[in-house]
Amino acid sequence: MKLKFFISIVFISFALVPIQAQFNLKPYVGANSTTLSRDLQDEEFKSDLGYQFGIDLMIGRRIFIQPGLNYEFARVGVANPEISDLKISRINLPVLAGIKMFKEDIDKYFDIRIFTGPSISFMADFSGGSGLGISSSEVKNFNVAWNAGLGVDLFMFFLDLGYKWDVDDFFKRDVESSASQNVFYANLGLRFTF
């Protein structure tokens, strides 16, 4: 059901973009701060630093869609020093839509963008949390999230600041927690226009 909804959003987005659209290829690297929304077994989770890298294809001029692919490594700290941090690796497929604030003659040099949209994530690896009694088999392999953020373009460089929150639970049903993963991220990259 969630995958059908995601695919529908992608097709509707492509239908709304004019044929004479501008294309920007955007490779990037970035940092993230990740936490889980609820505690587990009375252990408190805290944000920790991770990283991501990927590539997006921005299609459109003033209104755009931006499908992408990225690898995300996230670390979630646990307040109890006897329990190791959770380490989460995911492959993300976001499809963002947004609007640029300035007209075409200015946006070659400077622009501000607002964006939002869904992403689907596939678990690549999960480790840590020793002492919590959680294994990788108790973490969902597939998650759906929503993104929102702000971007700044300066010549061929860009900086994106965003927030991503899972719309479903991080753990499978056999774990007594409704925690979801929340990620603040900053990406710095290059934009190649064609």
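The values are calculated or read from the model by the stated rules, or taken from the named source; none is laboratory data. Keep in mind it's a predicted model, so treat the numbers as computed, not measured. Virtual Cβ from ideal backbone geometry, glycine too; neighbours counted across all protein chains shown. For accessibility, only protein heavy atoms count, side chains too; no ligands or nucleic acids. Shrake-Rupley method; radii C 1.70, N 1.55, O 1.52, S 1.80 Å.
Spot the failing condition for K46; the list is (1) open to solvent by less than 70 Å² (accessible area, probe 1.4 Å); (2) at pLDDT below 95; (3) over 18 Å from N143 (Cβ atoms); (4) outside any helix (DSSP H, G or I), and only one is missed.
Answer for K46: the failing condition is (1).
Quick one: how many residues across the stretch 67-100 are under 18 Å from G117 (Cβ atoms) and either hydrophobic (A, V, I, L, M, F, W, C) or in contact with a His (Cβ under 6 Å, 6 or more places away or on another chain) (or both)? Spell out the reasoning first.
Of all residues in the stretch 67-100, those under 18 Å from G117 (Cβ atoms) come to 67-70, 72, 90-100.
Now restrict to residues that are either hydrophobic (A, V, I, L, M, F, W, C) or in contact with a His (Cβ under 6 Å, 6 or more places away or on another chain) (or both): 69, 91, 93, 95-97, 99.
The number of residues fulfilling the criteria is 7.
Kindly check whether there is at least one residue in the stretch 142-149 that is over 30 Å from R61 (Cα atoms), modelled with pLDDT under 95 and surrounded by fewer than 17 Cβ atoms within 10 Å (Cβ to Cβ).
Applying the first criterion (over 30 Å from R61 (Cα atoms)) to the stretch 142-149 yields 142-143.
From the residues that got through so far, the ones that are modelled with pLDDT under 95 too are 142-143.
Still in the running and surrounded by fewer than 17 Cβ atoms within 10 Å (Cβ to Cβ): 142.
Within the stretch 142-149 (the criterion being over 30 Å from R61 (Cα atoms), modelled with pLDDT under 95 and surrounded by fewer than 17 Cβ atoms within 10 Å (Cβ to Cβ)), the answer is yes, since at least one residue qualifies.
Take I59 and tell me if it is among the β-branched types (V, I, T), over 19 Å from L190 (Cα atoms) and open to solvent by less than 40 Å² (accessible area, probe 1.4 Å). Lay out the reasoning, then the answer.
On the way: among the β-branched types (V, I, T): yes; over 19 Å from L190 (Cα atoms): no; open to solvent by less than 40 Å² (accessible area, probe 1.4 Å): yes.
No.
Among the listed residues I120, I112, I134, which satisfies the condition of being surrounded by fewer than 18 Cβ atoms within 10 Å (Cβ to Cβ), in contact (Cβ under 8 Å) with a residue 24 or more places away in the chain and not acidic (D, E)? Spell out how you get there, then give the answer.
On the way: I120 fails: surrounded by fewer than 18 Cβ atoms within 10 Å (Cβ to Cβ); I134 fails: surrounded by fewer than 18 Cβ atoms within 10 Å (Cβ to Cβ).
Result: I112 is the single residue among I120, I112, I134 that is surrounded by fewer than 18 Cβ atoms within 10 Å (Cβ to Cβ), in contact (Cβ under 8 Å) with a residue 24 or more places away in the chain and not acidic (D, E).
Is it the case that Y163 is touching a residue at least 24 places away in the same chain (Cβ under 8 Å), under 21 Å from A97 (Cβ atoms) and not β-branched (V, I, T)? Walk me through how you get there before you give the answer.
Numbers: touching a residue at least 24 places away in the same chain (Cβ under 8 Å): no; under 21 Å from A97 (Cβ atoms): yes; not β-branched (V, I, T): yes.
The answer is no for Y163.
Are there any pairs, at least 6 apart or on different chains, whose C-beta atoms fall under 7 Å, with the first in the stretch 74-99 and hydroxyl-bearing (S, T, Y) and at pLDDT 95 or above and the second assigned to a strand (DSSP E or B) and open to solvent by 50 Å² or more (accessible area, probe 1.4 Å), and if so, which?
Filtered contacts from the stretch 74-99: S89/A124; S89/D125.
All but one of (1) in contact with a Gly (Cβ under 9 Å, 6 or more places away or on another chain); (2) within 30 Å of F192 (Cα to Cα) hold for F122; which doesn't?
That leaves (1) as the condition not met.
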